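Reviewing the structure listed below.
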């Protein structure tokens with residue numbers, strides 16, 4: 001039993017039974033899911049009209065969380081005007 005599993009506990013675990021006659025091994029792989037967390041958030045700022053604006057937001061989780069952006073409570077639909085770019089972040 002692993003109490004309070006952490007991401008660092010992931011890996012392959014092996015159980016060996018052994019006596020004078022022989023030994024037998026079995027293994028299992030443990031993958032630890034990590035809840036999404038925000039690593040950095042966009043700050044408040046001003047932009048000039050006709051200027052491109054980039055709002056960086058770094059998120060981490062395992063498996064990789066889906067990310068959605070909202071403007072005034074409405075989900076942003078990606079297109080020519082709004083573009084959403086994802087960069088995988090490793091910790």
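The values are calculated or read from the model by the stated rules, or taken from the named source; none is laboratory data. Here the structure is a predicted model, which means the values were calculated and not measured. Positions of Cβ are generated from backbone atoms using ideal geometry, with glycine treated the same way; all protein chains shown enter the neighbour counts.
Take the residues in the stretch 11-47 that are closer than 18 Å to residue 82 by Cβ and either outside any loop (DSSP other than H, G, I, E, B) or free of Cβ contacts under 8 Å to residues at least 12 places away in the same chain (or both); name whichever of them is nearest to the chain's Cα centre (by Cα). Show your work before the answer.
We begin by selecting, within the stretch 11-47, every residue closer than 18 Å to residue 82 by Cβ; these are 42, 45, 47.
Applying the additional criterion that residues be either outside any loop (DSSP other than H, G, I, E, B) or free of Cβ contacts under 8 Å to residues at least 12 places away in the same chain (or both) yields 45, 47.
Numbers: 45: 27, 47: 30 Å.
By that ranking, first place goes to 45.
Kindly establish whether residue 2 is exposed (fewer than 10 other Cβ atoms within 10 Å of the Cβ) and in contact with a helix residue (DSSP H, G or I) (Cβ under 9 Å, 6 or more places away or on another chain).
yes
Looking at the stretch 1-10, which of the residues that are touching a residue at least 12 places away in the same chain (Cβ under 8 Å) and in a loop (DSSP other than H, G, I, E, B) is farthest from residue 61 (Cα to Cα)?
Only one residue tops the list, namely 2.
Among residues belonging to the stretch 55-85 that are touching a strand residue (DSSP E or B) at 6+ places or on another chain (Cβ under 9 Å) and over 30 Å from residue 6 (Cα atoms), point out the one that is modelled with the lowest pLDDT.
The extreme case among them is 82.
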